[in-house]
Amino acid sequence: MSLPPTDPSSVHGLSLKRVAIDTYRENVAYLHRDCAVYRAEGFQALAKVQVRANGKTILATLNVVDDESIVGCDELGVSEDAFAQLALANGHPASVSQAEPPESIPALFRKINGERLTREDFAAIVRDIAGHRYSKIELTAFVVACNRSELDREEVYFLTEAMVASGRRLDWQEQLVVDKHCIGGIPGNRTSMLVVPIVAAYGLVFPKTSSRAITSPAGTADTMEVLANVELPFDQLIGIVRKHHGCLAWGGTADLSPADDVLISVERPLAIDSPGQMVASILSKKIAAGATHLVLDIPIGPTAKVRSMPEAQKLRRLFEYVAQRLHLSLDVVITDGRQPIGRGVGPVLEARDVMQVLENHPDAPDDLRQKSLRLAGRIIECSPDVRGGDGFRIARDILDSGRALAQMQAIIAAQGTRNFDHKHPALGVLTLDVKAECGGVVVGIDNLQMARIARMAGAPKVQGGGVDLFVKLGDTVAMGDVLYRIHASYPADLEFAHQAADRFNGFSIGSADQLPQVFVEF
């Protein structure tokens with residue numbers, strides 16, 4: 001008489017172990033090479049496995065360990081992300097088995113071959129991505145395939161629709177819910193942190209959820225985190241918006257378009273931001289957050305993401321097509337992207353600029369103030385009670401009166417105040433002044449290089465790292481004048497930034513007639 005097969009994990013009693021490794025949005029499981037389960041199941045490194053414990057199941061990528069101090073033969077190790085999802089204590093009984101391949105793999109292979117995918121294909125792929133069924137290799141293949149064989153506009157719509165469906169979708173029970181977004185690529189440019197309190201003080205519902213920086217020295221969430229907690233439980237986020245009309249939170253904790261957060265984990269190291277994926281990422285987040293009206297900022301400049309008016313108009317049409325299909329009212333604004341907005345590049349420096357504008361401080365950067373007022377005005381004009389052209393005046397009155405500052409302080413207090421003194425910001429104490437190598441007029445500031453130098457200095461991971469600009473386009477400088485100051489907290493970061501600035505400091509000095517032309521729609 002033959003006995004039924006036994007589960008090796010039950011025989012050998014695997015116990016859960018937290019392995020303190022941050023695998024950045026990828027679940028990873030660890031088994032010792034001599035573990036009986038590993039041998040019996042015929043696992044291979046990087047295989048997809050199913051981890052089960054206390055009725056919970058997650059999918060993970062397997063790593064094989066030879067060091068018993070990391071994972072013993074009777075242990076099942078899991079990475080930080082996976083351990084947080086299981087929400088169990090070390091030592092809890094657990095089992096592991098081979099996972100079935102994701103159902104959408106054939107569709108992925110068709111996209112790799114350059115084929116056009118259907119609505120059902122994208123729905124299946126996004127479900128598997130949101131369910132963590134794709135390995136990093138498979139995710140990378142999808143991102144690169146979509147970038148290489150550019151998605152047509154209907155594919156972008158299918159991808160956006162699938163990403164919205166992959167998570168929670170908020171319903172504020174309001175006819176008018178507004179949002180604002182910039183496609184990025186301009187250092188500083190922390191307009192959202194000014195637009196939200198202005199518009200919320202006017203009384204419109206503005207649930208601003210933002211991602212962290214992908215390739216920039218700071219995103220809105222990174223900068224707001226200097227002032228307040230941004231990782232808010234869902235119920236708290238809802239309560240803050242209902243009470244204060246707005247919030248400035250990281251979107252990852254709200255389960256809004258979760259597939260987007262997984263894709264970003266691959267796009268960030270690859271520095272890929274293709275038009276189709278950009279549109280799907282931005283619009284899926286806004287629609288999932290319950291927005292009915294969106295103002296979208298597309299900056300144009302020689303070193304911006306978009307470098308010409310024809311390119312901007314093409315991107316505008318793609319955004320408008322997808323937004324219209326998804327019943328989102330969209331107002332696209334093309335803005336000046338020739339240089340950084342504000343003075344600071346990096347979380348603490350950008351938070352300082354924002355607070356100076358809110359306080360109507362005489363040193364507040366005027367370009368950040370003016371752009372924020374114009375964007376806030378466009379959003380306020382979404383209200384049926386406001387005539388076209390009156391929005392800027394209303395926004396300016398709210399800012400000048402101190403109502404925007406009071407609204408921001410209320411939002412900060414509701415989210416959880418951080419100890420930040422913008423008059424004496426906690427900047428990196430190691431500094432380096434970068435000086436003009438000749439005299440003349442500043443005719444170019446390379447956005448990409450300034451972002452790169454700020455990242456080398458530690459931003460956004462090191463909040464006090466970054467670049468503080470002293471001059472802008474059109475300013476006259478003499479040889480030896482300080483163009484900007486690099487702040488860092490660690491000698492290695494300062495040295496990396498120093499080397500980057502030595503290769504190219506990001507500034508071009510010439511004559512006034514060499515200033516690049518500006519295209520704006522305000």
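The values are calculated or read from the model by the stated rules, or taken from the named source; none is laboratory data. Predicted, not measured: the structure shown is a model, and the values here were computed from it. With ideal geometry, Cβ positions are generated from the backbone for all residues, glycine too; neighbour counts draw on all protein chains shown.
A single entry from ARG387, ARG452, ARG378 fulfils the requirement of being of a type in the set (D, E, K, R), part of a helix (DSSP H, G or I) and either in the same structural domain as PRO207 (by TED's automatic domain parsing) or touching a strand residue (DSSP E or B) at 6+ places or on another chain (Cβ under 8 Å) (or both): ARG378. Filtered by the rule that a residue be within 16 Å of LEU358 (Cα to Cα) and among the hydrophobic types (A, V, I, L, M, F, W, C), segment 191-227 gives MET193, LEU194, VAL195, VAL196, ILE198, VAL199, ALA200, ALA201, MET224, VAL226, LEU227.
Evaluation of ASP67 against the conditions (1) charged (D, E, K, R); (2) assigned to a loop (DSSP other than H, G, I, E, B); (3) modelled with pLDDT under 95 shows that the sole unmet condition is (3). Taking the criterion of being closer than 23 Å to ALA364 by Cα, part of a loop (DSSP other than H, G, I, E, B) and polar (S, T, N, Q), the only residue of segment 463-495 that qualifies is GLN463. Just one of the listed residues (GLY188, GLY246) is buried (at least 22 other Cβ atoms within 10 Å of the Cβ), under 17 Å from the mean Cα position of the chain (by Cα) and in the same structural domain as VAL333 (by TED's automatic domain parsing), and it is GLY188.
One residue alone among PRO101, PRO106 is surrounded by fewer than 19 Cβ atoms within 10 Å (Cβ to Cβ) and part of a helix (DSSP H, G or I), and that residue is PRO106. Within segment 319-352, the set of residues being assigned to a helix (DSSP H, G or I) and within 21 Å of the chain's Cα centre (by Cα) comprises PHE319, VAL322, ALA323, PRO347, VAL348, LEU349, GLU350, ALA351, ARG352. The test for being modelled with pLDDT of 95 or more, aromatic (Phe, Trp, Tyr) and either within 19 Å of the chain's Cα centre (by Cα) or outside any helix (DSSP H, G or I) (or both) holds for PHE206. Given the structure, is ASP121 part of a helix (DSSP H, G or I), more than 21 Å from the chain's Cα centre (by Cα) and among the charged types (D, E, K, R)? In short, yes. Number of residues in segment 418-440 that are at pLDDT 95 or above and either farther than 21 Å from LEU483 by Cβ or in a loop (DSSP other than H, G, I, E, B) (or both) equals 7.
Among the residues of this structure, MET224 counts as one that is out of contact with any His (no Cβ under 6 Å at 6 or more places or on another chain) and over 21 Å from LEU283 (Cα atoms). Every test in (1) within 34 Å of the chain's Cα centre (by Cα); (2) in a helix (DSSP H, G or I) is passed by TYR38 save one, and that test is (1).
For segment 132-178, residues that are assigned to a helix (DSSP H, G or I) and either of a type outside the set (A, V, I, L, M, F, W, C) or over 18 Å from ILE105 (Cα atoms) (or both) total 14.
Note on segment 353-365: residues that are charged (D, E, K, R) and in a loop (DSSP other than H, G, I, E, B) total 2.
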